[in-house]
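Single-structure report; data block below.
Readers should treat all values here as calculations from the given coordinates under stated rules, not as data from a laboratory. Every value quoted in this text rests on a predicted model; they were computed, and no experiment measured them. Cβ atoms come from the backbone with ideal geometry, glycine included; neighbour counts cover every protein chain shown.
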Amino acid sequence: MEGITNIGLGYLSAALGAGMVAWGAGLGISRIAAAACEGIARQPEAAGDIRISMLITAAMIEVIGLIGAVSCIMMALRT
Amino acid sequence: MNILNSLSNNLLYLTYQGHEVAQHAAENEEKLGDVVLHHIGDTHEFEIFSLKLPLPEFEFFGIDLSITKHVVMLWLAAVLVFLVFNYGFRWNRMVPKGKLTGFFEPIVVFVRDEIVYMNFGKEGKNFLPFFLTVFFFILFMNLLGLIPFMATATSNVSVTGALAAVSFILIHFSGIMRHGFFKHWRNFIPPGIPWWIGLIMLPLEIIGTTGRSFALCIRLFASMTAGHMVILAFLGLIIVLHNIFVGLFSVPAALIVFILEIFFAFLQAYIFTFLSALFISMTYHGAH
């Protein structure tokens, strides 16, 4: 167990964090896209409103992913 | 057959040479993280084609007010917004004429109809200058960051923090101006609940407004910073691996992310303005 150092653990956690944040953001935005596609399929004349709502909520959830990724990058660059 | 053999031999030699160079130069080379931070972060000099122009640094009672690259970008965006909307929007007739006006007029009408009038109704005319300024200022700052040798001012957390602070001040100030000082805080509590629940709810709602402004700040900052970081990471991968054939995959990927960045510049400006309008209209109209 001598090979495991604090710096190694720091890098490991940063990489794991970035990966898991990508997983969460991907799941969230894919659900939005699925619901939006279903809504447009049911009512094609509401496509404009649905598209705007989809873009806004996708950007909001994507930012949570970006916050996690930027925190992981900060941690990896300062280790 | 001979040509293929010699070509593959050359390729193998180039990759092996690259690996050798990497092993030799790994000790005294600057790390990729420092290069990325240097390009995205704020620097005290302005760099054009390896010509470094030092910018004045001065302190004011301990607060660092030196003119850095991001400050120059802020001023440039402000001057551009002023020039475009001062000289592009002067006309004395009903129908606008001219290419600059014709380019920006649909965007102005879009901000007016979809953002301000949708949240405030027709009486939001008083808020139009603020939201138009915020939208075009953020948009110009984001787009200026995509030009080579210029930086994105919004990838500085102080800039987005200041913009979010202005939104926060306007959230409370517009409510106080409209409803009066005590009625504004009373509007956070829904009617018809016991007084002790309202007393606990009021600090939570105030913290909610600060949390929303903080999210506005972080959203803009993280979007702009992450976009540039991805481009720099893709292109830095060529240098880190010391292999030029990584560029065949790296440069198209960086190009696609660049195109996505243009779209994100517009989208983040729109989202900041829209959410600011939403939060301000919530206290302006009295949320409950």
| query | Sorted by mean Cβ packing within 10 Å, highest first, what order do the peptides B:270-283, A:62-75, B:100-113 take? | reply | B:270-283, A:62-75, B:100-113
| query | Can you give the mean number of other chain Cβ atoms that lie within 10 Å of the Cβ atoms in peptide A:57-65? | reply | 4
| remark: Under the 7 Å Cα-to-Cβ spin-label approximation, residue B:193 and residue B:181 lie apart by a distance in nanometres of 2.6
| said: On a straight-distance basis, which aspartates and glutamates could pair with residue B:183 in a cross-link, Cα separation under 13 angstrom, same-chain partners fewer than 8 positions away excluded? | reply: none
| field | Cβ neighbours within 10 Å from other chains - mean over A:70-78 | value | 3
| For region A:25-78, with only Lys/Arg (+1) and Asp/Glu (-1) charged at the beta-carbon, what is the dipole magnitude about the Cα centre, in debye rounded to 20? | 200
| remark: Note to self, chain B gives a 222 nm [θ] from helices alone (DSSP H runs n ≥ 4, -39500 (n - 2.57) apiece, / all residues, nearest 500) of -24000 deg cm²/dmol
| request: Quickly work out the residue B:288-to-residue B:150 label distance, labels modelled 7 Å from Cα along the C-beta direction, and quote it in nm with one decimal. | output: 4.7
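Mind giving me the FRET efficiency for residue B:72 and residue B:128? R0 is 30 Å, r the Cβ-Cβ distance, nearest 0.05 is fine.
Computed FRET efficiency for residue B:72 and residue B:128 comes out at 0.55.
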| What dipole magnitude, in Debye to the nearest 20, does the protein assembly as shown give about its Cα centre under +1 on Lys/Arg Cβ and -1 on Asp/Glu Cβ? | 1560
| said: Using a Förster radius of 25 Å, what is the FRET efficiency between residue A:11 and residue B:240 based on their Cβ-Cβ separation? Nearest 0.05, please. | reply: 0.95
| remark: With label points set 7 Å from each Cα along the Cα-to-Cβ direction at residue B:248 and residue B:45, the distance between them in nm comes to 3.8
| task | Quote to one decimal, in nm, the extra length available between residue B:215 and residue B:172 on full extension: 0.36 nm per residue of separation minus the C-alpha distance between them. | result | 13.8 nm
| field | Cα-centre dipole for region B:82-284 with unit charges at Cβ (Lys and Arg positive, Asp and Glu negative), debye to 20 | value | 580
| task | Ignore the peptide's own chain and count Cβ atoms of other chains within 10 Å of each Cβ in B:216-222; give me the average, rounded. | result | 4
